[in-house]
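Only the coordinates and a few stated rules stand behind these numbers; no lab work does. Model, not experiment: these values are computed from the prediction. Cβ sites come from the backbone with ideal geometry, for glycine too, and all protein chains shown count toward neighbours.
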Amino acid sequence: MSSTTTFSRLALATLGLGGLAATTAFGPPTKPTPPQQGVGINLANIDQSVSPCEDFYHYANGNWIKNNPVPAAETRWGAFNELQDRNIAVEKGILVKAAADRSAKAGTNEQKVGDFYAAAMDTMAIESAGLKYLQPRLDKIAGLKSLGEIQQYMADPKSYGTGWYSFGVRQDSKNSTQYAVSMGQGGLGLGDRDYYLKEDGRSKGIRAAYKTYMTSVFQMLGDAPSLAATNADAVLALETKMAQASRGRVDLRDRIKNYNKTTVAQAAKDYPSLNIPLVLKDSGLSGAQDIIVGQPEYLAAASNLMASTPIADQRQYFRWHLVEGVTSALPKAYGDASFRFQQVLTGAKQQQPRWKRALRATDGALGEAFGQLYVDQAFSPASKAKAKEMVENLRKAYGERIMATDWMSADTKKEAIQKLNAFAVKIGYPDKWKDYSKLKINRTSALQNLFATSEWRTEDNLKKFGKPIDRGEWGMTPPTVNAYYNSSMNEIVFPAGILQPPFYDPKADDAVNYGGIGAVIGHEMTHGFDDQGRRSDAKGNLRDWWTKEDNEKFTAKADMVGKQYDAFSPLDSVHVNGKLTMGENLADIGGLTIAYQAFQKTAEAKAGKKIDGFTPNQRFFLGFAQIWRANQRPEAMRQQIQTDPHSPGQYRTNGPLMNMPEFYEAFGCKDGNKMVRATADRSRIW
Ligand SMILES: [Zn+2]
């Protein structure tokens, strides 16, 4: 529930586009290639037929892109996936061992991890159980006869994947020392309103596939074919109305507009059919005086819809969402139907192997229960120390850049520096691991385990209300190849999973590490100062600390970045959405600039000694570009452009570099080269 901004959602790739004419090869190594001396950059990935000044992404990664097509079971494949696969291999070893160990004491983390994975892998048991463990919940839904009973169902924290709206406890973004009850739009099976409302061919195709998916599931649940189709139509019609009342992704980014605190009494009056007092009571939140409403107009519409939609249709809606959330733990036919739909959405050719899906589910359910074992095997105290040192070097460099900006007033600079100095830093893994003692996991039913996990997570969230903020909590598990900034905590977080090659390599030169994990650290820091992050202060509170003039100057600079990215087009008629990706693009540009500034202070940068024919600064930019190497299926690319706040990898590389004179200089790029923007068109915020 916390508002975090991640480095990536493994949504970072691009097609290897043709179309750019091969231009003069740039610089060393000349053929024949001498044996590589340096560590951290694979020279064989470089495509010498592309000029670094025309398209640096394809120069740095072109040969890798040609030689590494997307595997059949993946939708994109790149440096993140390669590293993730290495982490998964470590996790698999841990899980297989835990599953084989039948002697673990009941109630211990070892027992839970082993049983969860074993049950998820036990396809025989899943097939023979059929709908046995689902039936009580289906019966409950079938028994809903009135609006009052629907309200009761919605209020029960045990209802799994219920729908209609989102609800939970989270940090109050205007009073960050308190937890608050939060409520907003939600409940769309397709996840994004545009899939319901747009009339282009792809959106229509996705709706058709969604309907097919629902129809086949309803049939598997026992409906006759015509009834199954009617029920699917009813769900799609209801979700379309919900989509019409929902905000789009660009509007959802606005932290001010999506913060609407109201009293419980007022909310109860404004959204009468949602029966908010009952929801609070059954969630153990009767003490709440206020609710932070994300999207008031949505809750108003949902309240009306809940009262006006036939109960029979709502039953189908609940039934669908119950099943759709747990297909992985149901007989194979359900998972296959789900995958057929995913294929339309992402273009995947093959389902991921069962062990990989079971592993991901175990990581999602109990990631901190075996995180310690993962960390013991895959993370060294030296990596943690080095990452800490780099964070402090970047913090110092950031401070210098803030003070050196020519557009920001002294008052705003003072607040910015306070915020920078207040960033909390988490590296590797939690100091205090999550307590799973109340979560019951068995070896008998994968489905029961999913329900138990969901209920435990809800309970874990609700019980925070009224307690002090848990500042030790992590939003990602240790093996995750990602990082995040959390604005209410004003913290930057780097799991052990990303502190490895190609992001960080203890054997590599500083250039590669500053271009890799350094740019990641700078990225997360810059989220604290991106178009939304800048709206909260050192304490994590939404508070406008900008002078009017500085605010206007920042906005003008950010708008310029928006236009730059709007112009990027990875596929015919598909353009990056500069407004949706604004925060991430600003973080990419600022992050690389700060990492570069910090790198300049190292002895290696000052000495300027070449490795494999490349200067330290050239290696810095090569190290940066290589983390974004990837191939991606066109369907997955379209999905990313529509729904993901991160730009495709080629623009995460070239976008920032096109604004950096330091890059032009490192590679001798000149006015007129594609990578060189005219002075008036460059954006420099930090
Ligand atoms: Zn980010």
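Karplus-based coupling profile of the stretch 598-605, in residue order and whole Hz: 5, 4, 4, 7, 6, 4, 5, 5, with θ = phi - 60° in 6.51 cos²θ - 1.76 cosθ + 1.60 and x standing for Gly or Pro. Once you order the gyration tensor axes a ≥ b ≥ c over the Cα atoms, which shape class does the stretch 527-686 get: rounded for a/c under 1.5, otherwise prolate or oblate by comparing a/b with b/c? Judged from the Cα gyration tensor, the stretch 527-686 comes out oblate (a/c at least 1.5, b/c at or above a/b). Tell me whether the stretch 301-424 comes out rounded, prolate or oblate; compute the Cα gyration tensor, take square roots of the eigenvalues as a ≥ b ≥ c, and use a/c under 1.5 as the rounded threshold. It is oblate, given that a/c is not under 1.5 and a/b is not larger than b/c. Working from Cα pairs under 8 Å separated by at least six residues, relative contact order for the stretch 135-346 is 30 percent. Computed from Cα positions, the angle between helix 201-220 and the longest principal axis of the chain comes to roughly 40 degrees. Is there a pair in Lys145/Lys281; Lys257/Lys426; Lys438/Lys463 whose C-alpha atoms are over 18 Å apart, and which pairs would that be? Violating the 18 Å limit, Cα to Cα: Lys145/Lys281; Lys257/Lys426.
The relative contact order of the chain comes to 24 percent, based on Cα pairs under 8 Å that sit 6 or more residues apart. Label positions at Ala567 and Ala73, each projected 7 Å from the Cα along the C-beta direction, are separated by 4.3 nm.
Under 5 Å from the amide H of Gln171 lie the amide H atoms of Ala180, each residue being 5 or more positions distant or on a separate chain, with H modelled from the backbone and absent for Pro and chain starts. Multiplying the residue separation of Ala404 and His575 by 0.36 nm and subtracting their alpha-carbon distance yields 58.1 nm.
Residue order for Asp537, Asp435, fewest other beta carbons within 10 angstrom first, comes to Asp435, Asp537. For the peptides 302-313, 601-612, 237-248, residues were scored by their other Cβ atoms within 10 Å and the scores averaged per peptide; the highest-first order is 237-248, 302-313, 601-612. Summarising the label geometry, the points placed 7 Å from Cα in the beta-carbon direction at Lys140 and Ala680 lie 6.5 nm from one another.
Rounded to the nearest 0.05, the FRET efficiency derived from the C-beta distance between Lys601 and Gln352 at R0 = 56 Å is 0.80. The modelled label-to-label distance between Ser286 and Ile311, using points 7 Å beyond Cα along the C-beta direction, is 2.7 nm.
Here the extension length gained between Gln342 and Val39 equals 105.2 nm, from 0.36 nm per residue of separation less the Cα-Cα distance. For the chain, a/c is not less than 1.5, where a ≥ b ≥ c are the root eigenvalues of the C-alpha gyration tensor, and a/b tops b/c. That puts it in the prolate class.
Once backbone amide H atoms are built at 1.01 Å from N, Ala73 has Gln350 as its partners under 5 Å, excluding neighbours fewer than 5 places away on the same chain.
Summing Lys and Arg as +1 and Asp and Glu as -1 over all other residues whose Cβ lies under 12 Å from the Cβ of Lys198 gives a net charge of +1.
Shown is the FRET efficiency for Glu552 and Lys269, computed with R0 = 41 Å from the Cβ-Cβ distance and rounded to the nearest 0.05: 0.60. Sorted ascending by nearby beta carbons within 10 Å, beginning with the fewest, Trp545, Trp433 become Trp433, Trp545. Here the contact order of the stretch 288-446, divided by its residue count and restricted to Cα pairs under 8 Å and six or more residues apart, works out to 22 percent. In sequence order, the stretch 480-496 has phi-based couplings of 5, 8, 5, 7, 8, 10, 10, 6, 5, 7, 6, 10, 10, 9, 10, x, 3 Hz under the Karplus curve 6.51 cos²θ - 1.76 cosθ + 1.60, θ = phi - 60°, and Gly or Pro positions carry x. Under 5 Å from the amide H of Ser536 lie the amide H atoms of Arg543, each residue being 5 or more positions distant or on a separate chain, with H modelled from the backbone and absent for Pro and chain starts.
Where in the stretch 85-111 does the label zone of Asp376 land, with the point 7 angstrom along Cα→C-beta and an amide N cut-off under 20 Å? From the stretch 85-111, the list is 87-111. Computed from backbone phi, the HN-Hα couplings of the stretch 334-347 come to 5, x, 5, 4, 4, 5, 4, 5, 4, 4, 5, 5, 10, x Hz, rounded to whole numbers (Karplus: 6.51 cos²θ - 1.76 cosθ + 1.60, θ = phi - 60°; Gly and Pro given as x).
Here the residues Ile276, Ile402, ranked from fewest to most Cβ neighbours within 10 Å of their Cβ, fall in the order Ile402, Ile276.
Sorted on the mean count of surrounding Cβ atoms within 10 Å across their residues, most packed first, peptides 100-106, 362-368, 579-585 read 579-585, 362-368, 100-106.
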